[in-house]
1. Report, by residue number, each residue of segment 130-159 that is part of a helix (DSSP H, G or I), touching a residue at least 60 places away in the same chain (Cβ under 8 Å) and within 22 Å of ASN94 (Cβ to Cβ).
2. Filter segment 112-158 for residues that are of a type in the set (Gly, Ala, Ser) and under 15 Å from THR169 (Cα atoms); which is surrounded by the fewest Cβ atoms within 10 Å (Cβ to Cβ)?
3. Suppose we keep only residues that are under 13 Å from ASP431 (Cα atoms) and loosely packed, with under 15 Cβ neighbours inside 10 Å within segment 443-472. Which one would you say is modelled with the lowest pLDDT?
4. Among (1) of a type in the set (Lys, Arg); (2) over 22 Å from ARG196 (Cα atoms); (3) within 20 Å of the chain's Cα centre (by Cα), there is one condition LYS258 misses while meeting the rest; what is its number?
5. Quick one: is GLU425 touching a residue at least 24 places away in the same chain (Cβ under 8 Å), surrounded by fewer than 23 Cβ atoms within 10 Å (Cβ to Cβ), of a type outside the set (Ser, Thr, Tyr) and in a helix (DSSP H, G or I)?
6. Does at least one position in segment 53-68 carry a residue that is under 30 Å from GLU425 (Cβ atoms) and either in contact with a His (Cβ under 6 Å, 6 or more places away or on another chain) or free of Cβ contacts under 8 Å to residues at least 40 places away in the same chain (or both)?
7. Looking at the structure I just gave you, is LEU232 farther than 24 Å from GLN279 by Cα and either modelled with pLDDT under 90 or not polar (S, T, N, Q) (or both)?
8. Filter segment 149-188 down to the residues that are in contact with a Gly (Cβ under 8 Å, 6 or more places away or on another chain) and under 19 Å from SER390 (Cα atoms), then identify the one that is modelled with the lowest pLDDT.
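The values are calculated or read from the model by the stated rules, or taken from the named source; none is laboratory data. Owing to the predicted nature of the structure, the values given are computational and were not obtained by experimental measurement. Note: ideal-geometry Cβ built from the backbone for every residue, glycine included; neighbour counts use all protein chains shown.
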Amino acid sequence: MILCWSLLSYAEGSALTSVFSKNGRHVPITLTARLDGAVRQQVHSDPEPASSDPREAVRLNDSAKELAAQGKYVESELLYNRALAILEKSRGPNHPDVATVLNGLGVLYANQGKYTEAEPFYRRALAIDEKALGPDNPNLVIIAGALAWALQNLGRIEEAESIYKRCLTIEEKSPEPDQQLHLAKDLNNLASIYDRQHRYAEAEPLYDRALAIEEKTLGPGDHSVATVLTNLAENYSQQSKYEEAELLYRRALAIDEKSLGPDDPGVGGDAEGLAFVLQNLGKFPEAESLFKRASAIYEKKFGLEDITVARNLENLGELYVAEAKYSEAELFYKRALAIDEKVLGPEHQDVGRDVNNLAEDYVEQDEDTKAEPLYRRALTIAEKELGIDSPELTKTLSNLAFIYERQEKYGEAEPLCKRALAIDEKAYGPDNPDVARDLANLGDVYASQKKYAEAELLYKRAQVIGQTAKESGALWITQGQLGLANVYRDQGKLGIAEPLYREVISAREQNHDSDLRMLIEPLDEYAIFLRKTNRTAEATAVEERAKALRAELGTERPNKVR
């Protein structure tokens, strides 16, 4: 599934921060407030003002916001830029109203996923308002939070975290209900950053606190409560706590069905989240039914060629992959790709994700020649859209390296693994589970070349990270451990290898993830170990178990953690 925590944004659009009344006095307006009725009537009833009249900028700003809400982004951008030019000329480049239009442009780009373009508008708007309002003014959290959100989506996690913490410091000082809701939103958003870093234990109490604030302020049946519930459910899901996640998703779904209506897209999102959890609990029929319900909601609301429809098609593709129905998955991935290319353009980051998914499906079908150019295309798109150091690149780098390793092109695989490792270490620090995965992947490349000393060092480091980050799931914990067992086995250190195999198999058996393919690989490797020690009967039993799993799943290949 597309793991997309719901970020609670304050920057859905804004009215100008100030207008001039009839007597020329400056009238402050909050950043997200609409113009009051009297002023709005005045703006629209007066004769068409000259191009330097700030009232024209007010009209243009409002019209731009309305067009953006309708998805008419090109027309909206033109009006925002006209409003900006008028205000810069009439009030100067550092006036708070200029900041409001800049914020609107930032929102416009962010809502299209163009976070690189959004960032400079948010930064300039924030600098203007800091100077006008002071560094601790509560109104700053609106634009600051939007900037943090953009940076988070660009993979610049440390910068985003710092800004969210600054917002929290400002909001903690105010007992006002509105500020408490802002506080809840930023608690939610900071928790989502921790989730992305696999810092689940730190994220959970933030979600709990956000949930408590919103339940108290808005009531337990409010849609915002459901949003935090789904994020907390995703937190549990990422820890493989699927039973707990299921309960939260069902509660969120019930709230949104009542508060939004059964055909609202928000209900579709809840259905998708619940479907993902059920998929991982092995409840494939109900999961498929929920994904299809979400599709029907999205198609009715947005039409057949909308990016929301594409995301759900992608999730259905992943469901079929989990069931080893690769041909069916391919059809859904191709449909998602076609929609995104048409709507977003061939170089959008969502297109890159579609291409990456299709490539993975080809790998599962042993069609590496089809997969390789797709991975390269996905990598090129991600580098252009997100930057060469974005952690969003590492999955594609690892997948491409896996193909080269399987083809024994170690000289091409090794630099890709090293690059993925360097990116994740820079983004998350040296002790993150994603770093453990990268270490194990690089260890695999060395082990395949019988460079056992180099591989052993990498596997041991991955093992240590896994053992100190158990909340991130058994698969992460055991990847380096399995590689280490294989290295010891292949060097004849059999007494050290066997307990490692048993620990890996036990950990993956206890993991609630329904993808049983993850169990096939350690069973295969352990069977090789048993035959090497002349324990034929035990080896045969393990091989039969792996064979039965393959027959049940309809696949010949184990699913490696990459």
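1. VAL141, ILE142, ILE143, GLY145, ALA146
2. GLY134
3. Checking each candidate, the answer is LYS470.
4. Status for LYS258: all satisfied but (3).
5. Answer is no for this residue.
6. Checking segment 53-68: not a single residue is under 30 Å from GLU425 (Cβ atoms) and either in contact with a His (Cβ under 6 Å, 6 or more places away or on another chain) or free of Cβ contacts under 8 Å to residues at least 40 places away in the same chain (or both).
7. So LEU232 does not fit the description; no.
8. Taking the candidates together, the pick is GLY155.
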